[in-house]
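Bear in mind that the values in this text are calculations on the coordinates, not laboratory data. Everything quoted here is computed from the prediction, not taken from an experiment. Neighbour counts run over all protein chains shown; Cβ positions are idealised from the backbone, glycine included.
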Amino acid sequence: AKTMGKNNCQFYTPRLTARLLDRVQIEADLRVALQERSLEVFYQPQVDAISKKMVSVEALLRWRHPEKGLLSPASFIAVAEESGLITEIGSYVLNTACHDAARWAEAGFPLSVAVNLSPLQLLSADFYEQVVHALETSKLPAARLELEVTENIVMHHTPSTVNNLRALRALGIRIAIDDFGTGFSSLSYLKNFPVDVLKIDRHFVNELQHSKQDEAIVRAIMMIAKTMEYVVVAEGVETQEQANILTELGCDFLQGYFYGKPQPFAAYAFTA
Ligand code: C2E
Ligand code: CA
Ligand code: CA
Ligand code: CA
């Protein structure tokens with residue numbers, strides 16, 4: 001076992017170095033991407049569970065990489081966060097999403113748009129001003145913007161992040177808890193954190209039709225939501241059966257491949 005250890009060491013060192021170089025390369029490429037506008041915002045529909053009408057979209061970041069093709073955030077968001085680039089990227093997503101949503105409204109389709117926030121973004125001193133600026137320049141009404149935060153953010157919140165979110169909420173912006181129930185936080189934050197929407201993570205939706213456990217979790221979430229007067233969005237809806245169960249359980253909005261994958265702004269025909 002001792003010699004194995006030594007071998008492992010020799011084996012892993014070059015790989016670790018390669019990974020580090022990889023990260024440095026990704027960071028450098030990301031900076032260029034931000035400047036050259038090869039970061040794009042895609043939109044995924046959210047439908048009303050009863051009418052099945054598309055009422056809103058979630059803004060999801062994509063990177064049109066010159067060699068690697070279209071990249072999902074999973075492959076670069078960690079680097080963006082660790083390097084601090086996420087602040088700039090996040091502000092770009094926010095401005096683009098507000099701008100695009102305002103254009104849909106002009107075309108006669110007043111959709112709401114949900115934007116994902118990273119912890120660093122929320123901590124930046126001018127976060128409140130950034131959001132107000134995005135609304136003002138795009139002329140998107142505050143009531144059509146939703147900000148998605150994870151329980152991770154909630155757990156590490158400071159008095160100033162809560163104050164910022166409260167102030168934004170007072171303008172009419174909605175606050176959603178993303179991936180609800182998957183974080184390591186206790187539910188007690190719901191008592192004083194400003195919340196309007198719970199998003200049920202797709203891991204609870206995946207096997208909903210076969211799993212009594214998942215059904216129980218969704219029921220519990222619905223009960224909390226009803227009492228607290230939150231709206232509930234289920235994500236990762238891939239089948240009619242899942243949609244039926246979620247609607248029966250009282251989910252307000254549905255999102256997932258069953259209704260549409262994330263697509264570029266131009267793919268939504270009503271923008272023409
Ligand atoms: P998320 O916020 O939980 O977003 C939902 C993810 O699930 C998206 O992945 C979406 O494409 C995917 N998805 C939607 N419907 C289905 C479905 O029916 N089945 C399956 N299997 N997947 C579905 P995506 O776009 O790759 O984004 C991954 C994560 O990256 C997001 O998870 C979010 O945490 C983060 N992210 C995306 N855009 C941004 C952004 O602008 N800023 C920040 N800070 N994070 C972002
Ligand atoms: Ca999200
Ligand atoms: Ca989510
Ligand atoms: Ca998720």
Over the chain, what is the mean sequence separation of C-alpha contacts under 8 Å (at least six apart), divided by residue count, expressed as relative contact order in percent?
18
What the Cα atoms of the range 142-217 span along the principal axes, largest first and in whole Å, is 42, 27, 16
About the Cα centre of the chain, how large is the charge dipole given +1 on each Lys and Arg Cβ and -1 on each Asp and Glu Cβ? Please answer in debye to the nearest 20.
420
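Dividing the alpha-carbon radius of gyration of the range 181-272 by 2.2 N^0.38 Å (N being the number of residues), what value is obtained?
Compared with the compact-globule rule of thumb, the range 181-272 sits at 1.20.
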Rounded to the nearest 500, the 222 nm mean residue ellipticity computed for the chain from DSSP H runs (n ≥ 4, each -39500 (n - 2.57)) alone is -14500 deg cm²/dmol
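How much length, in nm to one decimal, is gained on full extension between Phe258 and Gln35, taken as 0.36 nm per residue of separation minus their Cα-Cα distance?
76.8 nm
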Compactness check, the range 54-138: C-alpha Rg relative to the 2.2 N^0.38 Å globular estimate gives 1.17
Go ahead and collect, in residue order, the members of the range 218-235 whose backbone nitrogen is under 14 Å from a label point 7 Å along the Cα-Cβ direction of Ile50.
232
Using the number of other C-beta atoms within 10 angstrom as an exposure proxy, rank Val218, Val131 with the fewest first.
Val218, Val131
Pairs over 25 Å Cα to Cα, from Lys52/Lys226; Lys52/Lys199; Lys191/Lys212, come to Lys191/Lys212
Between Arg64 and Ala142, Cβ-based FRET efficiency (R0 22 Å, step 0.05) works out to 0.10
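With the radius of gyration and the Kirkwood radius both derived from the Cα set of the range 118-272, what is their ratio Rg to Rh?
Numbers: Rg = 16.7 Å, Rh = 16.8 Å.
The Rg/Rh ratio comes out at 0.99.
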At 1.567 mPa s and 4 °C, Stokes diffusion of the chain via Kirkwood alpha-carbon radius, µm² per second:
65
Below 8 Å, C-alpha to C-alpha, sequence gap of six or more: please give me the relative contact order for the range 62-197 in percent.
20
